[in-house]
1. Does Ala472 meet the test of being outside any strand (DSSP E or B) and over 15 Å from the mean Cα position of the chain (by Cα)?
2. Out of Ala454, Ala442, report the one residue that is within 9 Å of the ligand (Cβ to nearest atom) and not aromatic (Phe, Trp, Tyr).
3. Can you tell me which residue among Ser50, Ser55 is within 13 Å of Val27 (Cα to Cα), at pLDDT 95 or above and either small (Gly, Ala, Ser) or not assigned by TED's automatic domain parsing to the domain that holds Ala442 (or both)?
4. Counting just the residues of the stretch 149-162 that are in a loop (DSSP other than H, G, I, E, B) and in contact with a Ser or Thr (Cβ under 8 Å, 6 or more places away or on another chain), which one comes out nearest to the ligand (Cβ to nearest atom)?
5. Could you pull out every one of the helices (runs of 4 or more DSSP H) wholly within the stretch 1-117 that has 1 or more residues that are touching a residue at least 12 places away in the same chain (Cβ under 8 Å) and over 29 Å from Ile205 (Cα atoms)?
6. Return yes when Val43 is at pLDDT 95 or above, within 16 Å of the ligand (Cβ to nearest atom) and of a type in the set (A, V, I, L, M, F, W, C) and no when it is not.
Amino acid sequence: MEISEPLSAKDVKFDQSADVIVVGMGVAGACAAVEAHEAGADVLVIERTSGGGGSSAMAGGYVYFGGGTRVQKANGFDDTVEDMFNYIMAVTPEPNAEKIRLYCDNSVAHFDWMERQGVPFNDRFFPGKDPEHPTDETLSWTGNEDAWPFSEIAKPVPRGHKIGVNGAAAYAMMNALIATVKRIGIRVEFDSAVNALVCDDSGRIVGVRYRQFDEIHYAEARKGVVLTTGGFVWNRELIDQYTPNMALEGVIPHGAPTSDGAGHQLGMSVGGSLMNMAATMISIPIYAPESRIKGILVNKNGQRFINEDTYHGRATAFAMQQPDMVAYLICDAPSFGERNGYEALIDAWETVAEMEHDLGIPEGALQKTLAVYNENAARGQDPDFHKAAKYLTPLAEPPFAAVNITLGPVSAQGLTQGGLTTTADAQVLDEAGRIIPGLYAAGATASNIAKDSAGYASGFMIGESSYFGRRAGAHAARVR
Ligand SMILES: Cc1cc2nc3c(=O)[nH]c(=O)nc-3n(C[C@H](O)[C@H](O)[C@H](O)COP(=O)(O)OP(=O)(O)OC[C@H]3O[C@@H](n4cnc5c(N)ncnc54)[C@H](O)[C@@H]3O)c2cc1C
């Protein structure tokens, strides 16, 4: 959508006003609105669609919580804030220690807060590895916590907390949050797209302009405007300018059609700076079934490049760094198991030599890799890549299957992670690092914790969107 230059308050007649205006009602916006309301502010939400929800309502429904949540304790996992902090710091490129510290210190309280808003979680644990388990158990492994090298840096515990319904589950979270927004009497303007910010003479953001069908409205924000319009996966210009991975062949934009960077552009229109804009989450999962983790990932030279028990986004990021981005998952019959309906199975062969030949791998290379792997696996060891012992079994039983993990021939969903640069209280910063008074951003409109595929865990995005959305609402409500 088209975003205009900022307007001067002198040229605008406001037709309504609130202390805090929240632009967009996905998970970040709903949490910002509820928190600002709880802090005593008069809140107005302006939402482009007829019901809200955004990408948040489409999501699988994992939220990254830890440090000893009720669900972790109920399942005998002894997590600590320190282990959670050390893990996220280690797995994240250029981590923001202040934000990660706050996120971890407050994770148990944030989980409790989400439950109080009616978001359904249960006390059950899904023990396997699945990119999105189809059942409703809340707790599951959704990152690299139990994979080398992270398993040696922080005590491995599961921190993915799935919303407790079957299948893609985050709609149930958004149903609960939007019901809360309505129940506590927060005003919401639906079918209303914000397309400009309004500033006073000092540069403070004091309102917004929005279009509701063919009417133009102006709303005053006495304390602050919170931008929570989601990511920019559907904005071709921003993608072309900042995010080369999203333009790669095979990458399918992943997100609600409203994820067109409106908030990024609104922020930029008043000098807001952007960060982490090249970052994406792109993934070609090698599991389920979990037995496929017993297979090996190789490049076009037949060489392994990562421990296969690593998170699927991390494995894909490493696959994309291989020559010509070519990568295969090689399994024997027991490790391949049943077809899952989404893998790009190339074929199956009676011998590794035939497979190697047909894949165009240099003669003998894959046979050698497999022989070394099998020899070590028989001893329960993986000296090269440190895959966990429970996934180490010699791959010896034909037929041998090759699954294509090459981005391009194989398509993968991609989402953006970059956004406006913000303080820990979600205040938007300009290029010089100065706070833009009255302007906040959270969720996929801002850059907080998630920084790339290799360090991602399912749940980081909803986790940070909800948490920093709340911080935005709380801070804006406190403005005098
Ligand atoms: C299929 C799928 C599965 C996913 N699974 C997970 C998962 O399991 N765990 C996880 O952590 N992350 C997951 N993600 C990522 C996660 O869903 C998003 O990053 C997160 O929900 C973003 O939340 P948000 O509130 O910032 O944006 P959104 O949820 O997109 O909300 C933005 C809202 O702003 C509104 N809006 C947009 N422009 C304007 C405007 N100009 N004026 C007014 N309103 C506007 C939109 O209509 C929308 O309601 C998944 C994403 C997808 C697409």
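1. yes
2. Ala442
3. Checking each option against the conditions leaves just Ser55.
4. Going through the qualifying residues, I end up with Arg159.
5. Because the criterion is at least 1 residues that are touching a residue at least 12 places away in the same chain (Cβ under 8 Å) and over 29 Å from Ile205 (Cα atoms), the helices (runs of 4 or more DSSP H) in the stretch 1-117 that meet it are 70-74, 81-91, 97-105, 107-116.
6. Yes.
Quick grid of which residues meet (1) surrounded by fewer than 23 Cβ atoms within 10 Å (Cβ to Cβ); (2) within 9 Å of the ligand (Cβ to nearest atom); (3) aromatic (Phe, Trp, Tyr); (4) under 30 Å from Ala219 (Cβ atoms):
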residue	(1), (2), (3), (4)
Ala36	no, no, no, yes
Ala39	yes, no, no, yes
Gly61	no, yes, no, no
Gly67	no, no, no, no
Gln72	no, no, no, no
Gly76	yes, no, no, no
Pro95	yes, no, no, no
Tyr103	no, no, yes, no
Ser107	no, no, no, no
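Okay, residues lined up against (1) buried (at least 20 other Cβ atoms within 10 Å of the Cβ); (2) farther than 30 Å from Pro6 by Cα; (3) modelled with pLDDT under 95; (4) hydrophobic (A, V, I, L, M, F, W, C):
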{"residue": "Gly261", "(1), (2), (3), (4)": "yes, no, no, no"}
{"residue": "Gly271", "(1), (2), (3), (4)": "no, no, no, no"}
{"residue": "Met275", "(1), (2), (3), (4)": "no, no, no, yes"}
{"residue": "Ala279", "(1), (2), (3), (4)": "yes, no, no, yes"}
{"residue": "Arg292", "(1), (2), (3), (4)": "yes, yes, no, no"}
{"residue": "Ile296", "(1), (2), (3), (4)": "yes, yes, no, yes"}
{"residue": "Lys300", "(1), (2), (3), (4)": "no, yes, no, no"}
{"residue": "Phe305", "(1), (2), (3), (4)": "no, yes, no, yes"}
{"residue": "Ala315", "(1), (2), (3), (4)": "yes, yes, no, yes"}
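The values are calculated or read from the model by the stated rules, or taken from the named source; none is laboratory data. Everything quoted here is computed from the prediction, not taken from an experiment. With ideal geometry, Cβ positions are generated from the backbone for all residues, glycine too; neighbour counts draw on all protein chains shown.
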